[in-house]
Amino acid sequence: MSLNTYGHLFRVTTWGESHGPALGATVDGCPPGVSLSEADIQTWLDRRKPGQNKYTTQRREADAVEILSGVYEGQTTGTPIQLMIRNTDQRSKDYSEIAEKFRPGHADITYWQKYGIRDPRGGGRSSARETAARVAAGGVARAALASLAPQMRITAYMVQMGPHAIDRARLDMDQIDQNPFWTPDAQAAETWAAYLDTLRKSGDSTGAAIEIRIEGAAPGLGAPVYAKLDTDLAAAMMSINAVKGVEIGEGMAAAALTGSQNADEIAMGTHGPDYSSNHAGGILGGISTGQDILVRFAVKPTSSILTTRQTITKAGEPAEIVTKGRHDPCVGIRAVPVAEAMAAAVMLDHLLLHRAQVGPGPRGRIG
């Protein structure tokens with residue numbers, strides 16, 4: 001059992017490998033009557049696809065999505081939606097030299113230890129190429145959210161590359177689509193460009209941090225204990241390739257605060273509760289408060305680099321390895337649209353769970 005499915009009611013199963021003929025997703029649980037076309041999904045895939053600038057892998061993939069089932073005359077039918085993306089620019093020969101070696105920092109060695117077989121071509125199933133299927137499924141989730149919760153807005157952006165973080169005093173959300181790093185800080189984008197150029201030319205890579213802001217989520221989404229909204233958001237982000245840490249709201253920084261500093265005080269506003277701050281990241285007890293939901297995660301440096309590293313072979317013999325091929329010097333860049341897709345899938349899933357249990361709105365009245 002390899003557990004390739006995520007979600008409770010809105011369930012997504014991804015399939016395919018980096019260098020196989022195609023990859024894709026089977027989406028089950030999407031409500032019927034949602035307006036959906038291939039163009040609706042392609043919009044999001046185009047944000048993730050490789051080869052768009054010199055700061056990402058130069059593999060050239062159209063990432064053109066095909067809807068094979070679950071949609072009739074432009075509307076979802078409530079049956080499984082099959083999505084397929086054909087691979088068209090594989091260069092498997094780049095990986096022939098590593099078939100007997102394990103790349104440090106990569107899943108090669110653990111896949112071999114678990115299964116006794118692995119696909120060395122681009123990492124097979126462990127490749128970030130798999131995330132194209134997630135983005136396609138996220139496009140379906142976005143379409144459903146546009147119908148069921150049109151006020152909800154999901155935006156991801158990079159807040160750190162290597163040791164260089166954004167200055168939140170310069171935060172301008174309109175800048176996110178104006179630079180290749182999806183960052184709301186134009187000055188940071190210039191710094192990152194120079195930093196990444198140096199690393200890229202030296203054959204090295206760097207890590208990054210991404211933040212997701214979910215606006216317009218109604219209070220009441222999520223459930224106590226085993227179906228917490230923050231639990232599922234954290235799990236979704238942690239499942240993305242190379243992610244090594246996730247924070248909700250204040251996150252790890254909350255350890256340095258006192259209770260009086262961390263508690264988000266509440267007052268009664270014109271349209272409901274008003275919070276003095278948002279250290280909780282819009283979630284209390286696993287349930288959304290109605291504030292902006294804030295999630296951050298850290299992505300490790302790309303493991304496939306041109307710098308010579310020490311490793312071992314399948315026979316346990318010492319060896320040196322240089323990973324050829326086309327790789328992202330900072331995988332965090334293309335993790336941004338993936339993060340949005342995963343957030344959309346989780347939010348739709350919890351919206352459907354909430355409606356199934358208590359109806360379309362929160363049950364408790366205040367004031």
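The values are calculated or read from the model by the stated rules, or taken from the named source; none is laboratory data. In this text the structure is predicted, and so the values were computed from the model without any measurement. So basically every Cβ, Gly included, is an ideal-geometry build from the backbone, and we count neighbours across all protein chains shown. All accessible areas refer to the heavy atoms of the entire protein, side chains included, with ligands and DNA or RNA removed. Shrake-Rupley method; radii C 1.70, N 1.55, O 1.52, S 1.80 Å.
Quick notes on this structure:
- Relative packing of 32-39, 293-300, which averages over residues the other C-beta atoms within 10 Å, highest first: 293-300, 32-39
- Total charge dipole magnitude, the chain, about the Cα centre, Cβ charges on Lys, Arg, Asp, Glu only, Debye to nearest 20: 900
- Averaging the Cα positions of each part gives two centres, and for the stretch 102-144 and the stretch 236-261 these lie 24 Å apart.
- Accessible area of the chain belonging to carbon and sulfur atoms, whole % at 1.4 Å probe: 53
- Per residue value of the accessible surface for the stretch 124-241 (all protein chains in place, 1.4 Å probe), Å²: 39
- Value of Rg to Rh for the stretch 74-205 (Rh from inverse mean 1/r over Cα pairs, i.e. Kirkwood): 1.05
- Estimated dipole of the stretch 222-367 in Debye, rounded to 20 [Cβ of Lys and Arg +1, of Asp and Glu -1, Cα centre]: 480
- P(r) for the stretch 135-276, from all Cα pairs and a bin width of 5 Å, is 2, 7, 12, 16, 20, 18, 13, 8, 3, 1, 0, 0 %, short bins first.
- Farthest towards the positive end of the charge dipole of the chain, among the residues MET268, GLY220, ALA128, is the Cα of ALA128, using unit charges on the Cβ of Lys, Arg, Asp and Glu.
- Sequence-distant contacts, meaning Cα pairs under 8 Å at least 6 residues apart, place the relative contact order of the chain at 22 percent.
- Dipole of the stretch 71-186, positive end: most advanced residue of GLN175, MET84, MET152 [Cβ charges, Cα centre]: MET84
- Helix runs (DSSP H) in the chain reaching 20 Å along axis by Cα, Kyte-Doolittle at least 0.5: 131-148, 332-358
- Whole-number percent relative contact order across the stretch 221-355, with pairs defined as alpha carbons under 8 Å at least 6 apart: 29
- Value at 222 nm in deg cm²/dmol, rounded to 500, when DSSP H runs of n ≥ 4 in the chain each add -39,500 (n - 2.57): -8500 deg cm²/dmol
- Span from the the stretch 291-346 Cα centroid across to the the stretch 1-47 one, whole angstrom: 21
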